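A.B. asks: Here you go, one structure.
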Amino acid sequence: NDPRWDDQWSLAPARVVRSGIQAQAAWTLTQGSPTTVVAVLDTGIVPHADLQGRLLPGYDFVSNVSYANDGNGRDPDASDPGDWVDGSESWLPGAIPRSSGWHGTHVAGIVAAQGGNGVGIAGIDSRARVLPVRVLGRGGGYISDVADGLRWAVGASVAGVPANPTPARVANLSLGAAGHCSQEMQGALDEAWARGAVARDGL
């Protein structure tokens, strides 16, 4: 009964969309688990009814204050202040003015929005807990921040940042960049895999 369900073609049965993930068939086997922690490394998250009660305390890894758009660098507040660009950003040459996309919240909903509650969409795992890890801001961000965010998300230590008390089993990085995966980013992915996490990025 989620009003945007018809827009979620990727969750459709195989007879409807062959390339879908067949979520409805999977849900006959399991509805997910509240012990599963999924880290969403993105622009941060804003409060939403579909995620209520399942957002864990995350961390903001955006180190550059201009990118951060929240007045400071790294801190324990992983909320999304917006990534709008209005053309006045002299430090971001060639940027096209745009409104905030709230991409981190969008991705968190795809992962874990509460299904069957008559609100928004249905997430793939409506019981999972979401760990917001803010690594991008206005104009993007640094690979070094993304790499540190991933390490922290899966329970590895990061200098100057408190330990993560709820390491993620899954890390989602719906982001991308030009060129090959950097050595630093590959190292963070290797760390995640070594710790038994499922991590995938678009870099």
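A.B. asks: Looking only at residues that are assigned to a loop (DSSP other than H, G, I, E, B) and in contact with a strand residue (DSSP E or B) (Cβ under 6 Å, 6 or more places away or on another chain) in region 62-73, which one is least open to solvent (accessible area, probe 1.4 Å)?
C.D. replies: First, the residues of region 62-73 that are assigned to a loop (DSSP other than H, G, I, E, B): 62-64, 69-73.
Keeping just the survivors that are in contact with a strand residue (DSSP E or B) (Cβ under 6 Å, 6 or more places away or on another chain) gives 62, 69.
Working: 62: 2, 69: 37 Å².
Here the residue is 62.
A.B. asks: Okay, next question. Taking only pairs six or more apart or across chains, which ones have beta-carbon atoms under 8 Å, a first residue in region 14-32 that is over 19 Å from residue 113 (Cα atoms), and a second residue that is loosely packed, with under 15 Cβ neighbours inside 10 Å and aliphatic (A, V, I, L, M)?
C.D. replies: 14/25
A.B. asks: Out of everything in region 1-60 that is among the hydroxyl-bearing types (Ser, Thr, Tyr) and more than 20 Å from the chain's Cα centre (by Cα), what residue ends up being surrounded by the fewest Cβ atoms within 10 Å (Cβ to Cβ)? Working first, answer last.
C.D. replies: Here is the first cut: in region 1-60, the residues among the hydroxyl-bearing types (Ser, Thr, Tyr) are 10, 19, 28, 30, 33, 35-36, 43, 59.
Still in the list and also more than 20 Å from the chain's Cα centre (by Cα): 19, 28, 30.
Working: 19: 9, 28: 7, 30: 9.
Here the residue is 28.
A.B. asks: Quick one: residue 105 ticks every box in (1) hydroxyl-bearing (Ser, Thr, Tyr); (2) under 21 Å from the mean Cα position of the chain (by Cα); (3) part of a loop (DSSP other than H, G, I, E, B) except a single one, so which number is it?
C.D. replies: With (1) hydroxyl-bearing (Ser, Thr, Tyr); (2) under 21 Å from the mean Cα position of the chain (by Cα); (3) part of a loop (DSSP other than H, G, I, E, B) applied to residue 105, the lone miss is (3).
A.B. asks: Let me ask you something else. Which residue out of 102, 91 is open to solvent by 50 Å² or more (accessible area, probe 1.4 Å) and at pLDDT below 95?
C.D. replies: On the way: 102 fails: at pLDDT below 95.
Being open to solvent by 50 Å² or more (accessible area, probe 1.4 Å) and at pLDDT below 95 holds for just one of 102, 91, which is 91.
A.B. asks: Is there any pair linking a residue in region 92-112 that is of a type in the set (Gly, Ala, Ser) to one that is part of a helix (DSSP H, G or I), with Cβ under 9 Å and at least six apart or on different chains, and which?
C.D. replies: Taking only residues 6 or more apart or on different chains, the pairs are 108/50; 108/51; 109/50; 109/51; 112/50; 112/51.
A.B. asks: Continuing with the same structure: Of 77, 83, which residue is open to solvent by less than 40 Å² (accessible area, probe 1.4 Å) and outside any helix (DSSP H, G or I)?
C.D. replies: Details: 77 fails: open to solvent by less than 40 Å² (accessible area, probe 1.4 Å).
On inspection, the qualifying residue turns out to be 83.
The values are calculated or read from the model by the stated rules, or taken from the named source; none is laboratory data. Owing to the predicted nature of the structure, the values given are computational and were not obtained by experimental measurement. As a convention, Cβ positions derive from the backbone with ideal geometry for all residues, glycine included, and neighbour counts pool all protein chains shown. Heavy atoms of the whole protein, side chains included, go into the accessibility calculation; ligands, DNA and RNA do not. Shrake-Rupley method; radii C 1.70, N 1.55, O 1.52, S 1.80 Å.
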